[in-house]
Protein chains: 2
Amino acid sequence: MNLHPFDQALQLTSAEPHVFTGASARPYWNMVGPFGGMTAATALNAVLQHPALLGEPIALTVNYAGPVAAGPFKVSATPARTNRSTQHWVISLSQTNAEGADEVMLTGTAVTAARRSTWSHNDEAMPQVPGPAELPVGKSVRVLEWLNRYEMRFVQGNIPVEWHGGGETSLSQLWVRDNPPRPLDFCSLAALADVFFPRVYLRRAVLVPAGTVSMTVYFHANSEQLTQSGSGFLLAQARAQAFSDGFFDQTAQLWNESGALLATSHQIVYFKE
Amino acid sequence: MNLHPFDQALQLTSAEPHVFTGASARPYWNMVGPFGGMTAATALNAVLQHPALLGEPIALTVNYAGPVAAGPFKVSATPARTNRSTQHWVISLSQTNAEGADEVMLTGTAVTAARRSTWSHNDEAMPQVPGPAELPVGKSVRVLEWLNRYEMRFVQGNIPVEWHGGGETSLSQLWVRDNPPRPLDFCSLAALADVFFPRVYLRRAVLVPAGTVSMTVYFHANSEQLTQSGSGFLLAQARAQAFSDGFFDQTAQLWNESGALLATSHQIVYFKE
């Protein structure tokens with residue numbers, strides 16, 4: 001049986017305490033390195049593979065320090081502190097450069113926790129939008145290989161077809177799932193939080209260099225809710241709040257088809273013009 | 001001349017490369033430790049005091065791993081990677097426990113950058129609200145010492161006076177500044193991002209144990225805009241997006257009196273009931 005490309009890309013080998021090795025995956029290639037969501041998923045996977053893991057992910061922050069190159073990498077995940085019901089992780093991903101020195105490509109932190117059932121409520125309700133079956137499969141420019149790993153059906157805010165410099169909104173809403181479909185888990189949810197093209201493309205209808213600098217994902221779903229989501233679509237929504245001196249932010253929400261808010265996410269993105 | 005209490009609390013002494021020492025400050029005391037915003041500001045200050053600093057803060061993430069005790073602490077800020085225009089920092093704050101061992105109280109990361117002027121725009125405009133002079137000074141329960149360090153004038157969503165279990169919204173809007181007033185800088189802006197009481201208090205009108213687990217601040221302002229903000233009020237807005245199995249999130253915005261969105265922030269908070 002062939003592994004799903006996401007599971008292939010995610011594979012880690014335990015190398016020494018707190019350290020795993022893996023390799024960047026061509027099927028998830030972006031412009032100059034792997035899709036950032038895949039790298040975020042890899043960072044989280046190191047935490048989830050760690051023998052000392054307590055509970056399930058609550059928060060993940062990854063900072064993209066340098067472009068991950070094709071080839072092997074090391075990812076370390078160290079439990080800096082373990083409490084009764086929460087655990088704090090320090091993460092880094094590095095590669096050996098041409099001179100044989102380790103270069104840090106990602107820094108990060110995560111919090112995992114043993115969740116307990118409490119009053120629960122979506123304050124941010126899923127917007128009323130047409131279902132995925134009612135919408136065409138998005139025809140993105142598929143020159144970026146990782147885009148072929150996702151099925152996207154846009155409600156609004158697809159990437160501009162004309163770069164006329166006259167955008168008006170930074171809001172995108174799309175139904176999205178792995179392609180081929182794959183049962184949702186924490187790693188794929190982390191990757192999906194980074195599935196949006198840069199907001200500046202949409203807001204201004206200009207194509208400029210842009211890249212995520214830091215992303216945070218908060219997991220509201222427990223593993224049971226992820227199982228219930230299966231390989232269905234998620235409604236993914238993103239918009240910017242501020243563009244300022246070379247950086248803009250993005251706030252994002254991911255609901256499953258039943259309307260449960262599984263994750264919220266934020267990122268800050270470098271842009272040039 | 002007496003230092004402002006915020007500057008006193010912020011004081012760090014360089015101890016060894018990448019390591020500073022400080023002490024938790026009673027004037028910013030919360031229930032069982034210092035106000036989390038003060039601790040976040042301290043973490044950022046270690047980065048800003050570092051001799052290798054490049055540029056200004058873009059992103060800060062702090063994870064509250066354990067309750068900071070009264071007394072001395074060590075904070076380390078290490079540049080994990082320095083690029084041409086961005087720099088990636090790994091931060092931790094620790095204290096020596098009764099057994100003489102180091103305990104990690106905070107993990108974190110930051111990104112600093114040499115900003116360049118680009119197209120800039122607030123996509124999230126400041127809401128139309130009465131100005132600070134038109135609103136009464138909030139009468140919070142001042143049993144928590146740190147609350148006396150801020151002047152708060154609520155537009156809406158002040159802490160409930162009756163815990164009747166019937167809240168309807170998680171939205172708060174308030175004008176806030178240091179008390180006594182102090183010119184805004186990156187550290188005080190980071191602290192102000194944590195100025196909101198737990199959203200669950202408001203949303204449900206119940207008083208339950210709650211504490212921030214992780215907070216991220218994105219800085220949209222450069223130092224010039226902070227200088228322009230002076231010691232004026234900021235309009236601080238926060239609301240939750242999801243409450244789920246012991247944790248809720250909070251998304252927040254901070255505008256200055258001129259309507260510039262200086263920072264956006266997010267946190268995930270533990271709660272019990």
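Points to keep in mind about this one:
- Theoretical ellipticity at 222 nm over chain B - DSSP helices of four or more residues, -39500 (n - 2.57) apiece, nearest 500: -4000 deg cm²/dmol
- The range B:65-93 and the range A:78-144 have their alpha-carbon centroids 21 Å apart.
- Mean Cβ neighbour count within 10 Å, used as a protection proxy, ranking B:16-22, B:99-105, B:37-43, B:218-224 highest first: B:37-43, B:218-224, B:16-22, B:99-105
- Unit charges at the beta carbon, dipole of the range A:73-199: most positive-side option, A:Ser76, A:Trp146, A:Ser172: A:Ser76
- Peptide B:70-76 has a mean shielding of 0, counted as Cβ atoms of other protein chains within 10 Å of each residue's Cβ.
- Rounded if a/c under 1.5, otherwise prolate or oblate - chain B, Cα gyration tensor axes: oblate
- Label-point separation in nm, B:Val208 to B:Glu162, each point 7 Å along Cα→Cβ: 2.1
- Centre-to-centre separation between the Cα atoms of the range A:203-226 and those of the range B:1-55: 31 Å.
- Label distances, nm, B:Ala70 versus same residue in remaining copies, Cβ-directed 7 Å point: 6.2
- Efficiency of FRET from Cβ geometry, A:Ser120 and A:Thr169, R₀ 45 Å, rounded to 0.05: 0.90
- Global geometry of the range B:8-106, whether rounded, prolate or oblate, following the gyration tensor of its Cα atoms and the 1.5 cut on a/c: prolate
- Comparing Cα centroids, the range B:152-191 and the range A:252-267 end up 26 angstrom apart.
- Using C-alpha pairs below 8 Å separated by at least 6 residues, the relative contact order for the range B:6-139 is 23 percent.
- Counting only other chain Cβ atoms within 10 Å of each residue's Cβ, the peptide A:185-193 averages 0.
- Copy-to-copy label separations for B:Pro130, where each label sits 7 Å from Cα toward Cβ, in nm and ascending: 4.6
- Using θ = phi - 60° and Karplus 6.51 cos²θ - 1.76 cosθ + 1.60, couplings along the range A:168-177 (whole Hz; Gly, Pro as x): 10, 9, 10, 8, 10, 9, 8, 8, 8, 8
- Whole-number percent relative contact order across the range B:142-273, with pairs defined as alpha carbons under 8 Å at least 6 apart: 27
- Sorted fewest first by neighbouring Cβ atoms within 10 angstrom, B:Arg239, B:Arg199 come out as B:Arg239, B:Arg199.
- Applying the Kirkwood pairwise sum to the alpha-carbon positions of the range A:152-261 produces a hydrodynamic radius of 14.8 angstrom.
- For peptide B:113-126, the mean count of partner chain Cβ atoms within 10 Å of a residue's Cβ comes to 6.
- This model, with +1 at the C-beta of Lys and Arg and -1 at the C-beta of Asp and Glu, gives the protein assembly as shown a dipole about its Cα centre of some 120 debye.
- Long-range HN-HN contacts of A:Leu262 with modeled amide H, under 5 Å: A:Leu254, A:Trp255, A:Asn256
- Rounded if a/c under 1.5, otherwise prolate or oblate - the protein assembly as shown, Cα gyration tensor axes: rounded
- Given charges at beta-carbon only (K, R positive; D, E negative), |dipole| of the range A:81-239 in Debye: 300
- Take every Cα pair under 8 Å whose residues are at least 6 apart in sequence, average their separation, divide by the length of chain B, and the relative contact order is 17 percent.
Every number here is computed from the coordinates shown, using simple stated rules; none is lab data. Predicted model only: the values in this text are computed from it and were never measured. Note that each Cβ is placed from the backbone with ideal geometry, even for glycine, and that neighbours are counted across all protein chains shown.
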